[in-house]
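Enquirer: First, the structure itself, so that you have it in front of you.
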Amino acid sequence: MKIAFIGLGNMGGGMAANLVKAGHEVIAFDLSEAALAHAEEAGCSRATSTAAAVASADAVVSMLPAGKHVDMVYGNEVFGSAASGALFLDCSTIDVATARKVIAAAASKGFEMVDAPVSGGIAAAAGGTLTFMVGGTDSAFERARPILSAMGKAVIHAGSAGNGQAAKICNNMLLGATMVATCEAFALAEKIGLDPQIFYDISSVSSGQSWSMTSYCPLPGIGPQSPADNNYQGGFATALMLKDLKLATQAAHAVDASVPMGNAAEALYQMLASAGEGGRDFSAIIEMLRGK
Ligand code: NAD
């Protein structure tokens, strides 16, 4: 299949390479020369613009920073240049409202489109082990599934347009809140005089257990290997967690939902990012809560 890939940064670069490995012809476009050069090394061919990349493609995959980029790229370039019958897959993490708006605009021009944000970071993008949460019609989902399967280990239909983004931000709001709560509990245990390893041994088999504790423990030397063991480098950056929490609270505002834990997590991650720690793994919030 001929696939246009728009946005070949940290995530898109690895994803496009996996489409090439699966035997697809991938035509790449990015505003960054360095990203395009990497894509070429991975076997993609380079286009001079989004419009040129999509012109003869059977499908268009995008992996862009935010909703405004997705809105602009599809509205200004993809819709007017794509071949009739082309399928669009936006894998960026963006706000639900923009995802629904762009997919509705695609439908009004006769194109099928899904929102398909991912769980998993740069290593999962490179390794082809992402999880895709997909919003769109049954027909669009069935067409998207084989393309997404070449880039991931799981492809799950979350419902109608925008529901992929809804699943992603609800999941990450839960993750942000449980990480903060886990860090608070470790910090409190330590101050009271409870050994963190003993607290882990008890809580990891008790009702306080969560993924943040047992798969991604925020303290070094406890539980399985995690970014805490690497001075909070790698993993999921605080700035990206903050982005997702902002999207979650924005969506909550739009539907008048009450998300006090999400709001608290957003405020705390904003403090961490404002202190210049946006590039560190999000579990580094334990250092702020311990007063370090
Ligand atoms: P990135 O900044 O590394 O890549 C984005 C790319 O889009 C850049 O190369 C940029 O030049 C390109 N771009 C921007 N505007 C463009 C335009 N108009 N036309 C063509 N190219 C354009 O970001 P990333 O880390 O790859 O993240 C991409 C998306 O994936 C984001 O929505 C992010 O939230 C999401 N995501 C990232 C991670 C992660 O760990 N990095 C994990 C899950 C989801």
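Enquirer: Dipole of the chain (Lys/Arg Cβ +1, Asp/Glu Cβ -1, origin at the Cα centre): which of A16, L268, P220 lies farthest to the positive side?
Expert: A16
Enquirer: Please sort 187-194, 47-54 by packing, taking for each peptide the average over its residues of neighbouring beta carbons within 10 angstrom, highest first.
Expert: Working: 187-194: 12.9, 47-54: 19.4.
So the peptides 187-194, 47-54, ranked by packing, come out 47-54, 187-194.
Enquirer: When the label point is put 7 Å from the Cα of S84 along its Cα-to-beta-carbon vector, which residues of segment 97-141 have a backbone N closer than 16 Å?
Expert: Once the point is set 7 Å along Cα→Cβ of S84, 107-112 turn out to lie under 16 Å by backbone N, inside segment 97-141.
Enquirer: Okay, next question. Given labels modelled 7 Å from the Cα in the Cβ direction, how far is it in nm from T129 to R290?
Expert: Result for the modelled spin labels: 2.8 nm.
Enquirer: Using the charge dipole of the chain (Lys, Arg: +1 at Cβ; Asp, Glu: -1 at Cβ; taken about the Cα centre), state which of G127, G152, H38 has its Cα farthest towards the positive end.
Expert: Result: G152, furthest along the dipole toward the positive end.
Enquirer: Still on this model: Taking a ≥ b ≥ c as the square roots of the Cα gyration tensor eigenvalues, with a/c under 1.5 meaning rounded and otherwise prolate when a/b beats b/c, else oblate, which class fits segment 172-217? Before the final figure, lay out the partial values.
Expert: Details: a/c = 2.48, a/b = 1.49, b/c = 1.66.
It comes out oblate by the Cα gyration axes.
Enquirer: Using the Cβ atoms and a cut-off under 10 Å, what net charge is assigned to the surroundings of G128, where Lys and Arg are +1 and Asp and Glu are -1? Walk me through the numbers on the way to the answer.
Expert: On the way: positive: K21, K153; negative: none.
Computed value for this residue: +2.
Enquirer: Between I156 and A34, what FRET efficiency follows from the Cβ-Cβ distance if R0 is 51 Å, with the result rounded to 0.05? Let's see the in-between values first.
Expert: On the way: r = 33 Å, r/R0 = 0.64.
Efficiency, from the Cβ-Cβ distance: 0.95.
Enquirer: Below 8 Å, C-alpha to C-alpha, sequence gap of six or more: please give me the relative contact order for the chain in percent. Please report the intermediate quantities before stating the final value.
Expert: Values: 565 pairs, mean separation 37.5, N = 292.
In percent, rounded to a whole number, it is 13.
Enquirer: Separate question: Considering Cα pairs under 8 angstrom that are at least six residues apart, work out the relative contact order of segment 229-273 and quote it in whole percent. The partial results should precede the final answer.
Expert: On the way: 21 pairs, mean separation 22.0, N = 45.
About 49 percent, as a whole number.
Enquirer: Starting from the Cα of K2, draw a straight line to each of the lysines and keep only those under 30 Å, dropping any in the same chain fewer than 8 residues away.
Expert: By straight Cα distance, K2 reaches K21, K68, K101, K109, K153, K168.
Enquirer: Ok, one more. Under a Cβ-Cβ cut-off of 12 Å, what is the net charge of the residues other than G162 that fall near it, where Lys and Arg count +1 and Asp and Glu count -1?
Expert: Numbers: positive: R100, K101, K168; negative: D90, D95, D115.
Result for the neighbourhood of G162: 0.
Enquirer: Still on this model: Taking the number of other C-beta atoms within 10 Å as the exposure measure, put S92, S204, S84 in order starting with the fewest.
Expert: Details: S92 24, S204 15, S84 7.
The fewest-first ordering by Cβ neighbours comes to S84, S204, S92.
Enquirer: Tell me the volume per residue, in Å³, of the convex hull enclosing the alpha carbons of the chain.
Expert: On the way: hull volume 38.5 nm³, N = 292.
It is 132 Å³ per residue.
Enquirer: How large is the translational diffusion coefficient of segment 1-158 in µm² per second when you combine the Kirkwood radius over alpha carbon pairs with Stokes-Einstein at 37 °C and 0.692 mPa s? Don't skip to the end; give the middle numbers.
Expert: Working: Rh = 14.9 Å.
Estimated diffusion coefficient is 220 µm²/s.
Enquirer: Could you line up S203, S258, S62 from fewest to most neighbouring Cβ atoms inside 10 Å?
Expert: Arranged by neighbour count, lowest to highest, S203, S258, S62 become S258, S203, S62.
Enquirer: Compute the distance in nm between two label points, each set 7 Å from the Cα along the Cα-to-Cβ direction, one at A107 and one at S149.
Expert: The two pseudo-label positions are separated by 2.6 nm.
Enquirer: Then there's this: Which values of log₁₀ I(q)/I(0), to two decimal places, follow from the Debye formula for segment 166-289 at q = 0.12, 0.21, 0.23 Å⁻¹ with a uniform point scatterer at every Cα?
Expert: -0.43, -1.18, -1.33
Enquirer: Under a Cβ-Cβ cut-off of 13 Å, what is the net charge of the residues other than L8 that fall near it, where Lys and Arg count +1 and Asp and Glu count -1? Intermediate results must be reported in sequence, preceding the final value.
Expert: Working: positive: R46; negative: D30, E33, E40, E41.
That sum, taken over residues with Cβ under 13 Å, equals -3.
Enquirer: Okay, next question. Spin-label point model (7 Å from Cα, Cβ direction): what's the K68 to N171 distance in nm?
Expert: A separation of 2.7 nm, rounded to one decimal place.
Enquirer: Let me know the charge dipole size of the chain about its Cα centre in debye, to the nearest 20, where only the beta-carbon of Lys, Arg (+1) and Asp, Glu (-1) is charged.
Expert: Working: 17 positive and 25 negative charges, 49 e Å.
The dipole of the chain has a size of about 240 debye.
Enquirer: What ranking of Y232, Y74 emerges when the number of other C-beta atoms within 10 Å of each C-beta is taken as an exposure proxy, fewest first?
Expert: Values: Y232 23, Y74 29.
Ordered by Cβ neighbours within 10 Å, fewest first: Y232, Y74.
Since every read-out is calculated from the coordinates, none of them should be taken as a lab result. None of these values were measured; they are calculated from a predicted model. Glycine also receives a Cβ, built like all others from the backbone with ideal geometry; neighbour counts cover every protein chain displayed.
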